[in-house]
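Handing you a structure now.
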Amino acid sequence: MSWISKARRVASRCLTPLALRAAKAYVAGERLEDALAVADRLADRGLGATVGYWDAPNEAPSTVADAYLEGVRALAGREHAYLSIKVPSLQYRPELMGEVVAEAMRQRVRLHFDALSPETVDPSRALFEQFLDAGAELSFTLPGRWSRSVDDAAWAVERGVMVRVVKGQWPDPAAPNRDPSEGFLEVIDALAGRARHVAVASHDVPLAIEAINRLRNADTSCGLELLYGLPMPRSLEMADRLAVGVHVYVPYGRAYLPYALSRVRSNPRILWWLVRDAVLACCATSPADRDEHELADARKG
Ligand SMILES: Cc1cc2nc3c(=O)[nH]c(=O)nc-3n(C[C@H](O)[C@H](O)[C@H](O)COP(=O)(O)OP(=O)(O)OC[C@H]3O[C@@H](n4cnc5c(N)ncnc54)[C@H](O)[C@@H]3O)c2cc1C
């Protein structure tokens, strides 16, 4: 084994416990109540929320479905809040999805499909189509990093569904070097003037401004969406200035880092984020306390 591989193994052994701790900075807590507490604080400040249960690897699909059902019931009556779900975690099982959709229809809660790796898109789209006319509001995520998302945007437009555009965490195997920001704007262009509503989900302020302007110039309804734990002050200031509505995605359950440690070499700031997040996760007396500090900072801008 070369010294480089040895050094990598040692580094990864040191980084893993740090990463597990740091990831906690990106979830409201382990329980639904933790996420609801954050969503209610956001509502007090005029911000919407989407709550999402993040399951652990190998969690039974029926357990995940139960968490989604619990989430739907808890969000009933909470205006400006909706549920984000990961249908691969249900193993695309129609009977489980059917239960969640029926409850979402009864409680009038929107269900939003998060995007995962590229191979999950076709089965997710098929499940989405199957339940599109079942009576609940369903919406879908389009990652700008994937070249297929331009076609998926046309599909969403045809069906009149609301979409969320993100840069995407998984690269496109067919176009691994596709620039996420350029791709993001290509998808926005495919939606502008055609889509029912577009959520611009990015903390990249110049990119979000450009996307919002393009949508508004085409008279397309849009909003800004942010991820709990990522920096918000500049985005919130921009949203205020442009008078655009904001939703914050508040995950709970299993914590995952929103950045890949394998990218440390190309983006050394990731190492700083890792240490900062680990310290933050340690220092907060509770997730709700940390949220209070972050929102206070965000209001200061
Ligand atoms: C509401 C919402 C929902 C999402 N849903 C999905 C989904 O379903 N599927 C999916 O694949 N991805 C999803 N994502 C993640 C998304 O794909 C990006 O990975 C993530 O948003 C980062 O990209 P960005 O556009 O915000 O811009 P970036 O360019 O990554 O970040 C913008 C700015 O924030 C800074 N920054 C970024 N991360 C950190 C950090 N950890 N600490 C400190 N500063 C940081 C950067 O330095 C930069 O200045 C979602 C994101 C949001 C906001």
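The values are calculated or read from the model by the stated rules, or taken from the named source; none is laboratory data. As the structure is a prediction and not an experimental result, all values here were calculated from the model. Every residue, glycine as well, gets a Cβ built from its backbone with ideal geometry; the counts of neighbours run over all protein chains shown. The area values use the complete protein model at the heavy-atom level, side chains included, leaving out ligands, DNA and RNA. Shrake-Rupley method; radii C 1.70, N 1.55, O 1.52, S 1.80 Å.
Please count how many residues of region 88-120 are under 14 Å from Thr141 (Cβ atoms) and open to solvent by less than 10 Å² (accessible area, probe 1.4 Å).
3
From the residues in region 146-155 that are closer than 30 Å to Arg108 by Cα and either open to solvent by 10 Å² or more (accessible area, probe 1.4 Å) or of a type in the set (Asp, Glu) (or both), which one is nearest to the ligand (Cβ to nearest atom)?
Among those residues, the one meeting the criterion is Asp152.
Of the numbered conditions (1) touching an Asp or Glu at 6+ places or on another chain (Cβ under 6 Å); (2) farther than 23 Å from Ala201 by Cα, Arg178 fails exactly one; give the number of that condition.
If we test Arg178 against (1) touching an Asp or Glu at 6+ places or on another chain (Cβ under 6 Å); (2) farther than 23 Å from Ala201 by Cα, just (2) comes out false.
Do you know which of the residues in region 247-271 that are more than 11 Å from the ligand (Cβ to nearest atom) and under 30 Å from His80 (Cα atoms) is most open to solvent (accessible area, probe 1.4 Å)?
Ranking the candidates gives Arg254 first.
Then there is this: Restricting to region 183-227, and then to whatever is without any contact (Cβ under 8 Å) to a residue 24 or more places away in the chain and over 24 Å from Pro171 (Cα atoms), can you tell me which residue is most open to solvent (accessible area, probe 1.4 Å)?
By that ranking, first place goes to Arg216.
What are the residues in region 105-125 that are within 14 Å of Gly135 (Cα to Cα) and basic (Lys, Arg), if any?
If the condition is that a residue be within 14 Å of Gly135 (Cα to Cα) and basic (Lys, Arg), then Arg106, Arg108, Arg110 are the ones that fit.
Do we find that Val87 is touching a strand residue (DSSP E or B) at 6+ places or on another chain (Cβ under 8 Å) and of a type in the set (Val, Ile, Thr) in this structure?
In short, yes.
Residues to consider are Tyr68, Tyr92; find the one that is among the aromatic types (Phe, Trp, Tyr) and either at pLDDT below 95 or more than 16 Å from the chain's Cα centre (by Cα) (or both).
So the residue among Tyr68, Tyr92 that is among the aromatic types (Phe, Trp, Tyr) and either at pLDDT below 95 or more than 16 Å from the chain's Cα centre (by Cα) (or both) is Tyr92.
Still on this model: Give region 171-222 a look and list any residue that's over 17 Å from the mean Cα position of the chain (by Cα) and among the hydroxyl-bearing types (Ser, Thr, Tyr), or say none.
Scanning region 171-222 gives Thr220, Ser221.
Right, something else. Under the condition of being over 25 Å from Leu224 (Cβ atoms) and of a type in the set (D, E, K, R), which residue from region 25-71 is least open to solvent (accessible area, probe 1.4 Å)?
The qualifying residue least open to solvent (accessible area, probe 1.4 Å) is Asp55.
Take the residues of region 121-145 that are near the ligand (Cβ under 10 Å from one of its atoms) and touching a helix residue (DSSP H, G or I) at 6+ places or on another chain (Cβ under 7 Å): which is most open to solvent (accessible area, probe 1.4 Å)?
Ranking the qualifying residues of region 121-145, first place goes to Arg145.
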